[in-house]
Structures are given as C-alpha cells and as structure tokens.
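Please read the structure below before turning to the comments.
The values are calculated or read from the model by the stated rules, or taken from the named source; none is laboratory data. In this text the structure is predicted, and so the values were computed from the model without any measurement. Because the Cβ atoms are built from the backbone with ideal geometry, glycine has one as well, and the counts that use them run over all protein chains shown. Note: accessible area is taken over every heavy atom of the protein model, side chains too, but ligands, DNA and RNA are not part of it. Shrake-Rupley method; radii C 1.70, N 1.55, O 1.52, S 1.80 Å.
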Amino acid sequence: MSMVVDPQPRLPLTRERILAAALELADEAGVRSITMRKLGDTLGFEAMSLYNYVSSKDDVLDGLVDLVLAETEPISPTGDWAAAIRSSAVSVHEARRRHGWASALLLSPERIRPARLRYMDSLLGRLRKAGFSAGTTYTAYHVLDGHIFGFSLWLTTHSYTPAEVTDFTAMFERMIDPDVYPYLHEHAQQHFAEGPHREVNAFEFGLDLILDGLRNARETP
C-alpha cells in the first residue's frame, strides 16, 4: 500500500522574505525587473498577498536601499579620523559593487533613508572633530561623498561582458589612431592588457589621494 506524502508546507510570508527575494531578483536582472507579480511568483504567493507586509513597490525599493546600507560599516567615532573614514568608504564601495543597481537608488532624493542620514551626519561630524572648520568641512564632505558614491555609479557604466570587450577592442582600434592620439591609444591598450596597473584599486587610490590632501589642509585644532 503506497503512502501519500504531504507536500512541504510553504514558508510563511514576512517582510524580510519579500525583501530578500527582491534583492536576489535585483542582483540577477536589475532593479527594473522587480514587480509585485514577479515577487509573488518567486515566493509562491499571489501578488496581493504581499501587500500585507509591504505597502507598495516603492516600499520594496526603500527596503532594498536599507539592506544595501546595512552591509556597510559605520564611520567609527574613535581612532584616527582618516582611517575611520577610509574603512567605512571602502565598505560602501564594496556593497555597491555587489549590488550595482543600487547606485542610482542610493543617489535618488526620494530614497534618502535614515541610515543614509546617519552616514552623512557621522561623516560631517568626524571631519569637524578632526579639526576642520565648518567651511572646509563643507567642501571636504562633498569631495568625499562625490568620490564614494560617484565612483561606484561610474563603475556601473564600465562593466562589460567578454563579448562586449571584444567589440570594444575592435572599435577602439578603428577609432583611435596611435599616430593621432598616442596617449589615448596607450591608455586604451591598458584596458585590455594584464600588468601591474591592473592590481591597483582605482577607488582606493583616489580615496587615499583625497585623504592625504585633507591631512595637509587640516587646520590646527
């Protein structure tokens, strides 16, 4: 006599499960791929069931921003000010590299979340307590914030598949005559060649230049 095995019960819906599924979808196909129907299909529920836990797609997007920001390291209020800013900045950059789609959301005025506000305030506070005047802090903050968030946004436009790299190589060879643009041709070749230059982390290189400049510009407390 054969026994009927009951199917595995579905895991109950929670806000955390919905956001985790949305994060996975965004990482696989970009944030534009997220719809309530697709989230419901992924989780095995009707789309309408999700509205018991999230109010709208905008609520889901806000939750995704919170998840990405939760992967970052807060700026330490103790120790060397430059080291604290650097460590946090690298963690922000790495989180955005893992979730390339997040750059545009994080920079959207409609998506300024409490964690982002805390980060902004802590960066400003760390600079002021390091001895920078309010005026210098104003400028230094924008330079740092522009590099930390802007570099990741730039990086999303410079990530290519192997097929795209092959196409770009051929295009550059046609467009960039080494006799007319010798330095640009040299630079283009470096994009497709291995060497010590490939081992340099451009984000950290630029960040260190900024922090070294700030050390030199710092006023006496």
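If you add up the charges near W101, with Lys and Arg at +1 and Asp and Glu at -1, over every other residue whose beta carbon is less than 13 angstrom from its beta carbon, what do you get? Result for the neighbourhood of W101: +2. Ignoring the sites themselves, the chain has its longest run without GluC sites (Glu not before Pro) in a DSSP loop having at most 14 other Cβ atoms within 10 Å at 72-193. Note on the chain: Kirkwood radius taken over Cα pairs, Stokes-Einstein applied at 4 °C and 1.567 mPa s, translational D equal to 62 µm² s⁻¹. Over region 10-62, the Kirkwood radius and the radius of gyration, each from Cα atoms, give a ratio Rg/Rh of 0.91.
Taking the protein heavy atoms of the chain in the context of the full set of protein chains, the accessible area attributed to carbon and sulfur is 58 percent at 1.4 Å. With R₀ fixed at 25 Å, the C-beta to C-beta distance from F172 to E24 puts the FRET efficiency at about 0.10.
Per residue, the convex hull spanned by the alpha carbons of region 132-221 comes to 135 Å³. Between R37 and S56, full extension at 0.36 nm per residue minus the direct alpha carbon distance yields a gain of 5.7 nm.
In region 72-127, Cα pairs under 8 Å separated by at least six residues give a relative contact order of 42 percent. Take every pair of alpha-carbon atoms less than 8 Å apart whose residues are at least six positions apart; their mean separation over the length of the chain yields a relative contact order of 17 percent. Highest mobility in the GNM of the chain, judged by mean-square fluctuation with C-alpha springs under 10 Å and restricted to I75, I85, I176, is found for I176. In region 103-221, Cα pairs under 8 Å separated by at least six residues give a relative contact order of 36 percent.
Neighbours of A115, meaning other residues whose beta-carbon lies under 13 angstrom from its beta-carbon, give a summed charge of -1 when Lys and Arg score +1 and Asp and Glu score -1.
Exposure check, 1.4 Å probe, all protein chains in place: K57 carries approximately 80 Å² of accessible surface.
A Förster radius of 30 Å combined with the Cβ-Cβ distance from E164 to S108 puts the calculated FRET efficiency at roughly 0.65. Highest GNM mean-square fluctuation among T72, T42, T137, for the chain modelled with Cα contacts below 10 Å: T42. What helices in the chain pass both tests, a Cα length along the helix axis of 24 Å or more and a mean Kyte hydropathy of 0.0 or higher, using whole DSSP H runs? Membrane-span-like by this rule: 134-155.
Take the Cβ atoms of L184 and E204, set R0 to 30 Å, and the FRET efficiency comes out at 0.75.
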